[in-house]
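The values are calculated or read from the model by the stated rules, or taken from the named source; none is laboratory data. In this text the structure is predicted, and so the values were computed from the model without any measurement. All Cβ positions, even for glycine, are placed from backbone atoms using ideal geometry, and neighbour counts span all protein chains on display. SASA here: full protein model, heavy atoms, side chains in, ligands and nucleic acids out. Shrake-Rupley method; radii C 1.70, N 1.55, O 1.52, S 1.80 Å.
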Amino acid sequence: LLLLKNNSEANTCGASWFKNPEREQYLRYSPPIYQDPPVSLLVRHENRVRFESYDSFAQALRDPTLRFGVVSGFSYGEGVDAMIAVAQALPVQAPNNLSMFRMLLAGRFEFLVTDEVEATGQLHDLAEPMTQVRFISYPDLPEGSWRHITCNLKTSPDVMARIAAAVSQVGGDS
């Protein structure tokens, strides 16, 4: 993302980024190319009953005794980012996804936000069994975010139009 933001050359692009207001200041976006699976909370098995007692993600985030893992500088999509911004629960920063999953398993915080595909892959990479964790879904967690091809602002509208046509031709998820 920093390469896209700071690159002074035209036509510098990357694939599979979320659209959010901050990024719209320095990126151009294609039509959507993919929608992530819905997100849920991933908790250690021994904490599942506590999280099953909350009626919503917002209620869990209002609990100041909770800590949750986030990857530094990562967007979880506009809806989740907005909810996290007003959380009373304490965010614990991790440098990357793999570290965040390790930290959850080690008890450094009580939950993280993820989808089943991501969690399954991360736990496989860590050689940890899925029996150690549980997914908790809430009705106020948004559908998965849309992903886009993004280009820096030096990319011409003509190039963006060609990208949009190509996305349309191959059947982007819009």
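Some values worked out for this structure:
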| item | result |
| --- | --- |
| Test result for M103, at pLDDT 90 or above, under 24 Å from N20 (Cα atoms) and not in a loop (DSSP other than H, G, I, E, B) | no |
| Tally, over the stretch 124-145, of residues that are at pLDDT 90 or above and touching a strand residue (DSSP E or B) at 6+ places or on another chain (Cβ under 7 Å) | 7 |
| Any hit, the stretch 27-44, residues being farther than 24 Å from L123 by Cβ and within 17 Å of the chain's Cα centre (by Cα) | yes |
| I84 open to solvent by 20 Å² or more (accessible area, probe 1.4 Å), hydrophobic (A, V, I, L, M, F, W, C) and in a strand (DSSP E or B) | no |
| Pick from the stretch 28-50, criterion of a type in the set (A, V, I, L, M, F, W, C) and out of contact with any Leu (no Cβ under 6 Å at 6 or more places or on another chain), ranking: surrounded by the fewest Cβ atoms within 10 Å (Cβ to Cβ) | V49 |
| Flag for L112 being open to solvent by less than 30 Å² (accessible area, probe 1.4 Å), within 24 Å of S16 (Cα to Cα), under 18 Å from the mean Cα position of the chain (by Cα) and without any contact (Cβ under 8 Å) to a residue 40 or more places away in the chain | no |
| Pairs with Cβ under 9 Å, 6+ apart, first in the stretch 7-26 and more than 16 Å from A164 (Cβ to Cβ) and part of a helix (DSSP H, G or I), second open to solvent by 70 Å² or more (accessible area, probe 1.4 Å) and modelled with pLDDT under 80 | R23/K5 |
| The stretch 27-58 - residue that is among the aromatic types (F, W, Y) and in a helix (DSSP H, G or I) and, of those, farthest from V170 (Cα to Cα) | F51 |
| Residue selected from the stretch 119-136 under the condition of a type outside the set (A, V, I, L, M) and either part of a strand (DSSP E or B) or in contact with a Phe, Trp or Tyr (Cβ under 9 Å, 6 or more places away or on another chain) (or both), by the criterion nearest to A106 (Cα to Cα) | E128 |
| First in the stretch 131-146 and more than 25 Å from I33 (Cβ to Cβ), second anywhere and open to solvent by less than 60 Å² (accessible area, probe 1.4 Å) and part of a loop (DSSP other than H, G, I, E, B), Cβ under 7 Å, 6 or more apart | Y138/S56; P139/S56; D140/S56 |
| T12 over 26 Å from T120 (Cα atoms) and modelled with pLDDT of 95 or more | no |
| Hits in the stretch 118-151 - residues which are aromatic (F, W, Y) and either more than 18 Å from the chain's Cα centre (by Cα) or open to solvent by 70 Å² or more (accessible area, probe 1.4 Å) (or both) | W146 |
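Rundown of residues vs (1) over 16 Å from the mean Cα position of the chain (by Cα); (2) without any contact (Cβ under 8 Å) to a residue 12 or more places away in the chain; (3) closer than 26 Å to T131 by Cβ, yes/no style:
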| residue | (1), (2), (3) |
| --- | --- |
| F57 | no, no, yes |
| V71 | no, no, yes |
| S75 | no, no, no |
| Q93 | no, no, no |
| R102 | yes, no, yes |
